[in-house]
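Worksheet for the structure shown next.
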Amino acid sequence: MESKKIDQWIKIGIGVLMGVLAWVIISTLQEPKIVEGSEAPKFAVKADNGATLTPTDFGGKLLLLNFWASWCAPCVEEAPSLNQLSEKFKPAGLVVLGVSIDRKESQYAAFLKRFPPGFAMFRDPQQDLSYRYGTYQVPESYLIDRSGKVVLKVIGAPEKGWMDPDVVSTIQRLM
């Protein structure tokens, strides 16, 4: 009788442990998903110019975080208009940070030579930062306001480019 109770408690304990283990596994496998209204994940990256950049380094400015790759056709298409946007709004306080997920540094360098950026760049070959944002396709961009909230998430390149009047007016409104 006593051994049946012990066996029963062991089975219950094992069942509880299995349930906890399953919960831990499932919760760690879920991909992060940053959407409009989310708090932007914190980060610190070393840009190509040698500067370490964090959101606080932007001094409360509006940040456009753009994930891209050299082999991505829409990324190639959006590069000139992203440069135009940066040029237009940099004096007003927009910071654009390009994050390449290129694994090969040579492809990254060739892209930058072809489309010299007018803003800070960072190469994330292990996709650590893009994973924290839940970005698995490129281009994908996040407009982050002064308080660190994502106010706009753009999956793919904007249809009419970054100088689209709707995009421009959104940025002007947030400045």
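No value in this document is a laboratory result; all are computed from the given coordinates. Values in this document were obtained by computation on a predicted structure and should not be read as measured data. Cβ placement follows ideal geometry from the backbone for every residue including glycine, while neighbour counts extend to all protein chains displayed.
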Next item on the list: Could you calculate the contour length gain from K46 to V16, that is, 0.36 nm times the residue separation minus the distance between their Cα atoms, to one decimal place in nm?
Entry: 6.4 nm
Checklist line | Amide H within-cut-off set for A40, under 5 Å, with H built and near neighbours excluded | finding: K149, V150
Check: Under the rule of -39500 (n - 2.57) per DSSP H run of 4 or more residues, summed and divided by the residues of the chain, what mean residue ellipticity at 222 nm is obtained, to the nearest 500 deg cm²/dmol?
Finding: -13000 deg cm²/dmol
Next item on the list: Please go through the residue pairs K61/K113; K113/K149; K33/K153 and name each one whose alpha carbons sit more than 22 Å apart in this structure.
Entry: K61/K113; K113/K149
Item checked: segment 89-130: radius of gyration and largest Cα-Cα distance (Dmax), Å -> 11.7, 34
Check: Mind listing the phi-derived Karplus ³J(HN,Hα) values for segment 43-55, rounded to whole Hz, using 6.51, -1.76 and 1.60 with θ = phi - 60°, and x for any glycine or proline?
Finding: 7, 9, 10, 9, 6, 4, 7, x, 6, 8, 10, 10, x
Checklist line | Projected area averaged over orientations for segment 67-175, convex hull of C-alpha atoms, nm² | finding: 6.4 nm²
Item checked: Sequence of T170, T52 once ranked by neighbouring C-beta atoms within 10 Å, starting from the fewest -> T52, T170
Check: With θ set to phi - 60° and the Karplus curve 6.51 cos²θ - 1.76 cosθ + 1.60, what are the ³J(HN,Hα) couplings of segment 115-127 in order, to the nearest whole Hz, using x for Gly and Pro?
Finding: 10, x, x, x, 8, 5, 10, 9, 9, 10, x, 8, 6
Checklist line | Karplus 3J(HN,Hα) series, Hz, for segment 66-82 with 6.51 cos²θ - 1.76 cosθ + 1.60 (x for Gly, Pro) | finding: 10, 8, 8, 8, 5, 8, 8, 4, x, 5, 5, 5, 7, 3, x, 6, 5
Next item on the list: Express the relative contact order of segment 45-174 as a whole percentage, based on alpha carbon pairs under 8 Å and six or more residues apart in sequence.
Entry: 32 percent
